[in-house]
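Notes follow the structure.
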Amino acid sequence: MTTKTLLLIGTLALASIASAKSYDITLSAPAKAGSLQLAAGEYSVSAMGNIAVFTSAETGKKFIAIVKSEEAAQKFDITAVDCKTTGGDERITSVELGGSSTKLELGE
């Protein structure tokens, strides 16, 4: 492959990630998303395959987590974050993406 071909493939891959729909969430307390520690605050979440990108609204910093994407029977009305407290720590177990039937499951 030539350098131009590799650059074109890289550009197209980045463009597809940038064009992924994002969903706004608010964490009222610090929480773990997989192995990531997220501070309390507002984030936008976008998903592509088995990767979710959490972008801090305050700093613009991006956090990448591995997820399992599942399709529900019906569309979710709102975007919702499901959390579980384990050993005193909040852990995001899933994110339901409003207006779609996609649910992102986060592992340990």
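The values are calculated or read from the model by the stated rules, or taken from the named source; none is laboratory data. This one's a predicted model, so the numbers in the text were calculated from it and none came from an experiment. With ideal geometry, Cβ positions are generated from the backbone for all residues, glycine too; neighbour counts draw on all protein chains shown.
For (1) at positive phi; (2) in contact with a strand residue (DSSP E or B) (Cβ under 8 Å, 6 or more places away or on another chain), each residue gets a yes or a no:
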{"position": "73", "(1), (2)": "no, no"}
{"position": "78", "(1), (2)": "no, yes"}
{"position": "81", "(1), (2)": "no, yes"}
{"position": "87", "(1), (2)": "yes, no"}
{"position": "100", "(1), (2)": "no, yes"}
{"position": "103", "(1), (2)": "no, yes"}
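Scanning the stretch 33-81 for residues that are in a loop (DSSP other than H, G, I, E, B) and surrounded by 15 or more Cβ atoms within 10 Å (Cβ to Cβ), which turns out modelled with the highest pLDDT? Even if it seems obvious, please write down each step before you answer.
Initial filter on the stretch 33-81 (in a loop (DSSP other than H, G, I, E, B)): 34-35, 39-40, 49-50, 57-61, 72-75, 77-79.
Of the ones still in play, those that are also surrounded by 15 or more Cβ atoms within 10 Å (Cβ to Cβ) are 34, 79.
Details: 34: 88, 79: 96.
Across the stretch 33-81, the extreme among qualifying residues is 79.
How many residues does the stretch 82-108 hold that are in a strand (DSSP E or B) and either touching a residue at least 60 places away in the same chain (Cβ under 8 Å) or touching a Phe, Trp or Tyr at 6+ places or on another chain (Cβ under 6 Å) (or both)?
Of the residues in that region, 7 qualify.
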